[in-house]
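Asker: Dumping the structure here so I can ask a few things about it.
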Amino acid sequence: QTAVREFQARHGLVADGRIGTGSQRSLSASAEDRARQIALNLERRRWLKREVAPERIEVNTAAAIMVYWKDGRPVHSNRVVCGSPSNQTPSLEKPFASVVANPPWYVPASIARNEILPRGPGYLASQNMYISNGQVIQRAGPTAALGYVKFELRDSYAIFLHDTPSKSVFNLAMRQRSHGCVRVQGAVEFARLLLSPDPTLLAQFDEAQDTRETKRIATGREISVRLLYWTAFVDGQGRVAFREDVYERDARLADALGIALSLPRPVDDGARVANDVGP
């Protein structure tokens, strides 16, 4: 069972020691296809600039994990929830802008139109939402979709990182479930870590958390945020790890390069969280 658990951990599965459907799918991949999968990820890496910022936040959207690097070393990691296959989190690199304590949520028009307004005014009231000049807004609060903190990026096309009240989603193996933004496990603790080099900024954040005031706090230093897609990578223990091609980017790249690839297709595990309409 130890070997099975290690295999499951390297493939992003629940490490329960039982060979279920997900383990069977991963075991069905041939060594040749895994080698091709590594080659496709190396090709994607070739597109990136070689120099990386010594302080950065990297999110692997295929694995739904985040790593915070400082002074060129990984110092903190979290599970995250990324965009679903139909609302994919884009790959991008942007400068970090600010931490927002107790953020309201300005609901995107598509989410409002398709998922919120059809439920009627009673639903809006129950979710602490209101409409202002045609814009659906959710007030900040413990059950708000953005939770207690938001991490803003500069020029990121409405993509950002944030807290969430739906904590149970972090326990799932497949965490590609959002509308495209990135939900961070332990987001308040991570915000305090980012602000800890400046005691004044940290005190401002802690005070805002105590008073539930909405407050935007800039870190005052350059932090790069990279949203990347790696289905083959080296994990924190130095092992080669694999993830399912949930966004089918490996498949499309293989087609473009004329590479024969026959990896098992991802399967939705069916898990759902009630009233989860966050970004």
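Asker: Going by amide H atoms built from the backbone, whose H comes under 5 Å of the H on Q176, apart from near neighbours?
Answerer: C82
Asker: Quick check: from the Cα gyration tensor, does segment 1-63 come out rounded (a/c under 1.5), prolate or oblate?
Answerer: oblate
Asker: Using R₀ = 41 Å, calculate the FRET efficiency as 1/(1 + (r/R₀)^6) where r is the Cβ-Cβ separation of R45 and T214; round to 0.05. Write out the running numbers ahead of the final one.
Answerer: Values: r = 39 Å, r/R0 = 0.95.
Approximately 0.60, to the nearest 0.05.
Asker: May I pose another question? What's the magnitude of the charge dipole for segment 73-149 around its Cα centre, counting Lys and Arg as +1 and Asp and Glu as -1 at the beta-carbon? Answer in Debye, nearest 20.
Answerer: With only Lys, Arg, Asp and Glu charged at Cβ, the dipole is about 100 debye.
Asker: Given labels modelled 7 Å from the Cα in the Cβ direction, how far is it in nm from K167 to Y123?
Answerer: 2.7 nm
Asker: Quick check on segment 170-279: take the gyration tensor over C-alpha atoms, sort the square-rooted eigenvalues as a ≥ b ≥ c, and tell me if it's rounded (a/c under 1.5), prolate or oblate. Walk me through the intermediate numbers first.
Answerer: Numbers: a/c = 2.76, a/b = 1.90, b/c = 1.45.
It comes out prolate by the Cα gyration axes.
Asker: What is the magnitude of the charge dipole of segment 121-279 about its Cα centre, with +1 placed on the Cβ of each Lys and Arg, -1 on the Cβ of each Asp and Glu, and no other charges, expressed in debye to the nearest 20?
Answerer: Numbers: 19 positive and 19 negative charges, 26 e Å.
Result for segment 121-279 is approximately 120 debye, rounded to the nearest 20.
Asker: Just one of (1) 19.7, 58; (2) 18.9, 55; (3) 23.2, 81 is Rg and Dmax of the Cα atoms in Å as worked out from the coordinates here. Which one is it?
Answerer: (1)
Asker: State the Cα centre-to-centre distance between segment 179-209 and segment 49-98 in whole Å.
Answerer: First find each Cα centre; the distance between them is then 16 Å.
Asker: Size of segment 91-153 along its principal axes in angstrom, Cα-based, largest extent first?
Answerer: Principal axes ranked by extent give 38, 25, 20 Å for the Cα atoms.
Asker: Can you give the angle from 0 to 90° between the axis of helix 199-211 and the longest principal axis of the chain, with both taken from C-alpha atoms, to the nearest 10?
Answerer: 70 degrees
Asker: In terms of Cα to Cα distance under 22 Å, which lysines are near enough to K49, apart from those fewer than 8 places away along the same chain?
Answerer: The qualifying lysines are K70, K94.
Asker: Of T211, L40, A125, whose Cα points farthest to the positive end of the dipole of the chain (charges on the beta-carbon: +1 Lys, Arg; -1 Asp, Glu; origin at the Cα centre)?
Answerer: With unit charges placed on the Cβ atoms, the residue in question is L40.
Asker: Another question, then. Give me a comma-separated list of calculated 3J(HN,Hα) values for segment 176-184, in order, Karplus coefficients 6.51, -1.76, 1.60 applied at θ = phi - 60°, integers in Hz, x for any Gly or Pro.
Answerer: Once θ is set to phi - 60°, the couplings for segment 176-184 become 8, 9, 8, 8, x, 7, 10, 8, 10 Hz.
Asker: Follow-up question, since we're still on this one. Once you place label points 7 Å from the Cα toward the Cβ at R239 and T2, how far apart are they in nm?
Answerer: Once both label points are built, they end up 1.2 nm from each other.
Asker: What's the extension gain from S98 to E189 if we count 0.36 nm per residue and subtract their Cα-Cα distance?
Answerer: Residue separation times 0.36 nm, minus the Cα-Cα distance, leaves 31.2 nm.
Asker: Relative contact order of the chain: what whole-number percent is it, with Cα pairs under 8 angstrom and at least 6 residues apart? Before the final figure, lay out the partial values.
Answerer: Numbers: 497 pairs, mean separation 75.6, N = 279.
Computed value for the chain: 27 percent relative contact order.
Asker: Okay, next question. Run the dipole for the chain about the Cα centre, Lys and Arg Cβ at +1, Asp and Glu Cβ at -1, nothing else charged, and hand back the magnitude in debye, nearest 20. Don't skip to the answer; put the middle values down first.
Answerer: Numbers: 37 positive and 30 negative charges, 46 e Å.
Computed about the Cα centre, the dipole is about 220 debye.
Asker: With label points built 7 Å along Cα→Cβ from the Cα atoms of S86 and E32, find their separation and express it in nm.
Answerer: About 3.6 nm separates the two model spin labels.
Asker: Amide H to amide H under 5 Å from V225: which residues, 5+ apart in sequence or cross-chain, H placed 1.01 Å off N in plane?
Answerer: Result for V225 returns I57, K94, F96.
Asker: So what is the orientation-averaged projected area of segment 1-151, using the convex hull of its C-alpha atoms, in nm²?
Answerer: Numbers: hull surface 53.1 nm².
If you wrap the Cα atoms of segment 1-151 in a convex hull and average its projections, you get 13.3 nm².
Read-outs: derived from the displayed coordinates by stated rules, not from any lab. Since the structure is predicted, the reported quantities are computational estimates derived from the model, not experimental observations. All Cβ positions, even for glycine, are placed from backbone atoms using ideal geometry, and neighbour counts span all protein chains on display.
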